[in-house]
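Contents: one structure, followed by commentary.
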Amino acid sequence: MSDIHIDKVKKQFGDLEILKSVEIEIKDQEFVVLLGPSGCGKSTLLRILAGLETETSGTIRIGDRVVNKLSPKDRRIAMVFQNYAVFPHMTVFENIAFGLRMRKDSEAHIQKKVKETAELMHIENRLTHFSGQLSGGQRQRVAVARALAMEPEVLLMDEPLSNLDALLRLEMRAELKTVLDASNTTTIYVTHDQVEAMSLADRIAVMNGGQIEQYDVPTEIYHNPATEFVGSFIGNPP
Ligand code: ADP
Ligand code: MG
């Protein structure tokens, strides 16, 4: 089981307290959305979970493993970024295979995993293309396939659809939901888009000013906002 326990995680940059004692418990295989306005600390929290940034204090556990002190590659966490972090000079195949090669997985396993995840993300007929030649949506499919190929316990996604146009965003959102619900990955998905949060999340953590204001299922967040901020941000003021 890979429940995630985020316990009193704080982050300061100089004198600025960016995260103020964040506490969240996420159940194995749950889809949790971190929702909040720009600058509230969503990306910082995600980067701390991934090990790309160090917390000032607090503990992060996955199952019974304390992961704080582990290097990013030992955390069994994969991350998808907003700006399609794919390598333009590599083929789609090599982009998806990248993490698996770093991990020194067998060639047979790499062939199988790349094919499998490319099919899942509907880019199986693009494997020999250079990713620099793809559209934004296709590149983001590559980024998701690359993350899933690692079979992470936890998948972190930081505004993965925000660079796509509205129609594509809707299409990809529905697809991501289907793919991730069918996988056994626990997902933490960051967005500032209320509608996106409502349609994707099992539970939503509404963040503001480095704190979680409310953590609950979408219907509760909508009908019983815990604070004035949550109500106005969701568009249903108390
Ligand atoms: P969000 O993803 O919710 O938009 P971020 O986590 O990116 O918010 O940023 C939260 C706050 O922390 C912002 O005010 C940002 O300017 C600040 N911040 C982020 N990274 C750093 C850093 N490396 N040094 C100083 N301040 C930072
Ligand atoms: Mg951000």
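FYI, it's all coordinate maths here, none of it is from the lab. As the structure is a computational prediction, the values presented were derived from the model and not from experiment. No Cβ is skipped: glycine too gets one built from the backbone with ideal geometry, and neighbour counts run over all protein chains shown.
Things to note:
- Listed values for the stretch 202-211 are Karplus-derived 3J(HN,Hα) couplings in whole Hz (6.51 cos²θ - 1.76 cosθ + 1.60, θ = phi - 60°), namely 6, 9, 10, 9, 8, 10, 8, x, x, 10, and x replaces Gly and Pro.
- Electrostatic bookkeeping for residue 136 treats Lys and Arg as +1 and Asp and Glu as -1; over the other residues with beta carbon under 11 Å from its beta carbon, the sum is +2.
- Total formal charge among the other residues, if their Cβ is under 12 angstrom from that of residue 112, Lys/Arg +1 and Asp/Glu -1: -3
- Contact order relative to length of the stretch 101-238, as percent, for alpha carbon pairs under 8 angstrom and 6 or more apart: 14
- FRET efficiency for residue 174 and residue 130, using Cβ-Cβ distance with R0 set to 25 Å, rounded to 0.05: 0.35
- Residue-by-residue Karplus 3J(HN,Hα) for the stretch 162-171, coefficients 6.51, -1.76, 1.60, Hz, glycine and proline x: 6, 8, 9, 6, 4, 5, 5, 4, 4, 5
- Amide H contacts of residue 201 (H built 1.01 Å from N, under 5 Å, at least 5 apart or other chain): none
- Near residue 28: Cβ cut-off under 15 Å, other residues only, Lys/Arg at +1 and Asp/Glu at -1. The net charge is -3.
- Between amide H atoms placed 1.01 Å from N, distances below 5 Å from residue 214 occur with 206, all of them 5 or more places distant or on a separate chain.
- Per-residue Karplus couplings for the stretch 76-81, computed as 6.51 cos²θ - 1.76 cosθ + 1.60 with θ equal to phi - 60°, are listed in order as 6, 10, 10, 10, 10, 9 Hz, Gly and Pro entered as x.
- Value of [θ]222 nm, deg cm²/dmol, for the chain, DSSP H segments ≥ 4, -39500 (n - 2.57) each, nearest 500: -10500 deg cm²/dmol
- Choice from 209, 14, 136 with maximal GNM fluctuation in the chain (Cα, 10 Å cutoff): 14
- Under 5 Å, built H, 5+ apart or other chain: amide partners of residue 79: 156
- Inter-site label distance for residue 54 and residue 108 at 7 Å from Cα along Cβ, in nm: 4.2
- Full extension of the chain segment joining residue 101 with residue 199 gains 31.8 nm, where the gain is 0.36 nm per residue of separation less the Cα-Cα distance.
- Extension gain for the segment residue 236 to residue 73, taken as residue separation times 0.36 nm less the Cα-Cα distance, is 54.6 nm to one decimal.
- Loop-located trypsin sites (Lys or Arg not before Pro) in the stretch 80-116 whose Cβ has at most 15 other Cβ within 10 Å (DSSP): 103, 104
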